[in-house]
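These notes concern the structure reproduced below.
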Amino acid sequence: MEKIFDELFGELTYNLSWIGKTILSIFGVEHEVGLHIRCNEGENITANQRQVYINFEQHSTEILKNTEMAIFNYYLEVCQDYQARLQDAELIKKNAPVITRICELKDLVEAQTLLIDYDYQDEKPIRMGILFECTWEPEHGVAVRIENGEIVETGFQDIVI
């Protein structure tokens, strides 16, 4: 595996993407998460991908607050369906409880990966995503897709993978 040290991203290893680490502070918890910058083998990280990350860093407080709200609203939409599937009161309490405040998600959601998508070098913005493990959907997790610093979709992790 190829390894590099990048001034912006730090130590990166290539394994189908450039992979490193970064810190996200979300739901009142600081997480060290994977940083994945999608590039084909033999390609370098583009200036556009760097700018997407710089913009994210500059506006991370606002973007992460919006991420919290997006996941909270998404959870409120799907919670009853998961509760109906679980049917057991203890499982519901543990995996899909009724919540009324965003801060209660910190026990249900854990940030895993910040992903910067391929630079297709077209007019479309480079997508970015934050992937989370969550108690109510352990197989598919939850993610937010971000374009131009705005949350455009919340759902299973496959919306950004």
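Condition check: at negative phi and free of Cβ contacts under 8 Å to residues at least 24 places away in the same chain. Does residue 95 satisfy that? Against the criterion (at negative phi and free of Cβ contacts under 8 Å to residues at least 24 places away in the same chain), residue 95 does not qualify. The set of residues from the range 1-58 being among the hydrophobic types (A, V, I, L, M, F, W, C), farther than 30 Å from residue 101 by Cβ and under 19 Å from the mean Cα position of the chain (by Cα) comprises 9, 12, 16, 18, 19, 37, 39, 52, 54.
Looking across 35, 16, one residue alone is aliphatic (A, V, I, L, M), under 18 Å from residue 58 (Cβ atoms) and either crowded, with 17+ Cβ neighbours inside 10 Å or modelled with pLDDT under 95 (or both). It is 35.
Every test in (1) at pLDDT 95 or above; (2) surrounded by 18 or more Cβ atoms within 10 Å (Cβ to Cβ) is passed by residue 92 save one, and that test is (1).
Sort out which residues of the range 18-37 are out of contact with any helix residue (DSSP H, G or I) (no Cβ under 8 Å at 6 or more places or on another chain) and either in contact (Cβ under 8 Å) with a residue 60 or more places away in the chain or of a type in the set (D, E, K, R) (or both), and write them in order of number. Listed by number, the residues that qualify are 21, 22, 30, 31, 32, 33, 34, 35, 36. Just one of (1) modelled with pLDDT under 95; (2) surrounded by 15 or more Cβ atoms within 10 Å (Cβ to Cβ); (3) out of contact with any helix residue (DSSP H, G or I) (no Cβ under 6 Å at 6 or more places or on another chain) fails for residue 44. It is (2). Could you run through the range 121-133 and say how many residues are buried (at least 20 other Cβ atoms within 10 Å of the Cβ) and closer than 30 Å to residue 92 by Cβ? Of the residues in that region, 4 qualify. Selection of the range 119-154 for residues being of a type in the set (Gly, Ala, Ser) and at positive phi yields 141, 149. For the range 69-77, does any single residue satisfy the condition of being farther than 22 Å from residue 158 by Cβ, out of contact with any Gly (no Cβ under 7 Å at 6 or more places or on another chain), loosely packed, with under 12 Cβ neighbours inside 10 Å and modelled with pLDDT of 95 or more? Within the range 69-77, not a single residue is farther than 22 Å from residue 158 by Cβ, out of contact with any Gly (no Cβ under 7 Å at 6 or more places or on another chain), loosely packed, with under 12 Cβ neighbours inside 10 Å and modelled with pLDDT of 95 or more.
The values are calculated or read from the model by the stated rules, or taken from the named source; none is laboratory data. Everything numeric here is computed off the predicted structure, so don't read it as measured data. Because the Cβ atoms are built from the backbone with ideal geometry, glycine has one as well, and the counts that use them run over all protein chains shown.
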